[in-house]
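A short write-up of the structure that comes next.
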Amino acid sequence: QVQLVESGGGLVQAGDSLRLSCAASGVTLSTYGMGWFRQAPGKEREFVAAISWSGSNIYYADSVKGRFTISRDNAKTTVYLQMNILKPDDTAVYYCAAANSAYALNLYDYSYWGQGTQVTVSS
């Protein structure tokens, strides 16, 4: 059974940094494309970043490009999202997801999801 567990969220001020972690179990992580999504209150879940199973291909939403960095450690079965220069607009529940493909940008291509971790950025 595939399980994804996010951690690292919290309440920070604008300009601060956070690192989210996604620990995977029940899966050989190196065979899955991984992604991070977020959902703010009253809004649809949106793509944040994706990384291919080898880590050689990485994609970001325009809104986070240059501030966020996705990475993965297949040996530790963990995916990370380093978030720098956080803004109030980054406030959302952040979800980790796994896709049965090299990589995926559309949330409907992801098969497994974590429960989410709250990130709140105050101004």
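What single numbered condition from (1) at positive phi; (2) open to solvent by less than 60 Å² (accessible area, probe 1.4 Å) fails to hold for Ile85?
Evaluating Ile85 over (1) at positive phi; (2) open to solvent by less than 60 Å² (accessible area, probe 1.4 Å) leaves (2) as the failure.
Before we move on, is Val79 within 14 Å of Leu4 (Cα to Cα), touching a residue at least 24 places away in the same chain (Cβ under 8 Å) and open to solvent by less than 60 Å² (accessible area, probe 1.4 Å)?
In short, yes.
Considering only residues of the stretch 88-123 that are of a type outside the set (Gly, Ala, Ser) and open to solvent by less than 30 Å² (accessible area, probe 1.4 Å), which is nearest to Arg45 (Cα to Cα)?
The initial filter retains those residues of the stretch 88-123 that are of a type outside the set (Gly, Ala, Ser), namely 88-91, 93-96, 100, 103, 105-110, 112-113, 115, 117-121.
Those still in the list that are open to solvent by less than 30 Å² (accessible area, probe 1.4 Å) too: 90, 94, 96, 110, 117, 119, 121.
On the way: Asp90: 13, Tyr94: 9, Cys96: 12, Tyr110: 13, Thr117: 13, Val119: 14, Val121: 18 Å.
My answer is Tyr94.
Name the strands (runs of 3 or more DSSP E) wholly inside the stretch 51-123 in which the number of residues that are under 14 Å from the mean Cα position of the chain (by Cα) and within 18 Å of Gly15 (Cα to Cα) is 1 or more. Walk me through how you get there before you give the answer.
Details: elements: 58-60, 68-73, 78-83, 92-99, 110-113, 117-122.
Counting at least 1 such residues, we get 68-73, 78-83, 92-99, 117-122.
Every residue in the stretch 27-84 that is over 16 Å from Gln118 (Cα atoms) and of a type in the set (Val, Ile, Thr), please.
Passing the criteria: Val27, Thr28, Thr31, Ile51, Ile58, Val64, Thr69, Ile70, Thr77, Thr78, Val79.
The values are calculated or read from the model by the stated rules, or taken from the named source; none is laboratory data. It should be emphasised that the depicted structure is a prediction, and the values quoted were computed from it without experimental measurement. Heads up, the Cβs are rebuilt from the backbone with ideal geometry, glycines too, and the neighbour counts pull from every protein chain shown. Keep in mind that these areas ignore ligands, DNA and RNA; they rest on the heavy atoms of the full protein, side chains included. Shrake-Rupley method; radii C 1.70, N 1.55, O 1.52, S 1.80 Å.
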